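To keep things clear, I will list the structure first and then write my remarks on it.
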Amino acid sequence: MASSFSQPVIFSVLILLSLHQACAKKAHLHFYFHEILSGPDATVMTVVKAPNTDSFTFGAIAVIDDMLREGQDENSTLIGRAQGIVGVVGRDESLETVLNFIFTEEKYNGSTLAVYGRIMRDAAIERAVIGGTGMFRLAKGYSLAKPVLTYATKLVYEFDVYVWYKEIKQD
């Protein structure tokens with residue numbers, strides 16, 4: 001009896017998922033993530049130090065409030081902020097990141113994307129888009145990042161974000 005009930009339910013779920021995918025919009029966002037590591041304008045702050053060391057190693061946690069810009073130049077147009085938490089979760093110095101991209105310009109103004117994932121040293125940086133607000137409600141997708149400028153006090157990453165979302169009229 002259970003199998004006769006479960007087949008229509010599974011079929012209905014598959015239909016709903018395919019309808020959602022058919023109604024979803026797709027966006028490719030391209031921007032640069034600017035992080036200032038030290039000084040009076042630092043955009044990253046270590047809030048938990050690793051035991052027995054001052055370096056950012058296993059056990060350390062930091063918060064960020066970085067800039068999202070149109071270009072890699074620090075004077076390019078500011079389009080939003082990246083705010084979140086970064087922790088060193090592996091003895092191999094892998095990082096776990098929980099970020100919100102908060103957009104402040106043009107059609108994405110007031111919308112956010114929630115991005116989650118792991119960063120391994122010397123590996124491609126790919127993270128999941130796990131949600132969003134505003135224009136990006138019901139968002140899913142992924143982001144790809146690569147370093148383009150690395151200084152002692154500053155990092156700049158190029159981001160490509162591919163996101164599928166359901167446009168919902170806001171009142």
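Evaluating residue 83 against the criteria (1) out of contact with any strand residue (DSSP E or B) (no Cβ under 6 Å at 6 or more places or on another chain); (2) open to solvent by 70 Å² or more (accessible area, probe 1.4 Å); (3) polar (S, T, N, Q) leaves one unmet condition, (1).
Yes/no matrix, rows are residues, columns are (1) basic (Lys, Arg); (2) surrounded by 15 or more Cβ atoms within 10 Å (Cβ to Cβ); (3) modelled with pLDDT of 95 or more:
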residue	(1), (2), (3)
94	no, yes, no
104	no, no, yes
144	no, no, yes
156	no, yes, yes
167	no, no, no
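Against the criterion of being in contact (Cβ under 8 Å) with a residue 40 or more places away in the chain and either touching a strand residue (DSSP E or B) at 6+ places or on another chain (Cβ under 7 Å) or closer than 30 Å to residue 166 by Cβ (or both), residue 106 does not qualify. Applying the condition of being touching a residue at least 60 places away in the same chain (Cβ under 8 Å), over 18 Å from residue 155 (Cβ atoms) and over 19 Å from the mean Cα position of the chain (by Cα) to the range 22-60 and asking which residue is surrounded by the most Cβ atoms within 10 Å (Cβ to Cβ) yields 24. For residue 31, the conditions (1) aromatic (Phe, Trp, Tyr); (2) part of a helix (DSSP H, G or I); (3) modelled with pLDDT of 80 or more are fulfilled apart from (2). Of 122, 160, all but one fail to be loosely packed, with under 14 Cβ neighbours inside 10 Å and assigned to a strand (DSSP E or B); the exception is 160. Inside the range 61-107, counting only strands (runs of 3 or more DSSP E) that do not spill past its ends, which hold 1 or more residues that are over 16 Å from residue 154 (Cβ atoms) and touching a Cys at 6+ places or on another chain (Cβ under 7 Å)? Fully inside the range 61-107 and qualifying: nothing. For the range 120-142, give me each residue that is modelled with pLDDT under 90 and touching a Lys or Arg at 6+ places or on another chain (Cβ under 8 Å). 124 - this is the single residue of the range 120-142 that is modelled with pLDDT under 90 and touching a Lys or Arg at 6+ places or on another chain (Cβ under 8 Å).
The values are calculated or read from the model by the stated rules, or taken from the named source; none is laboratory data. In this text, all values refer to a predicted model and were calculated from it rather than measured experimentally. So basically every Cβ, Gly included, is an ideal-geometry build from the backbone, and we count neighbours across all protein chains shown. The protein model used for the area step is the full one, side chains on, heavy atoms only, and it has no ligands, DNA or RNA in it. Shrake-Rupley method; radii C 1.70, N 1.55, O 1.52, S 1.80 Å.
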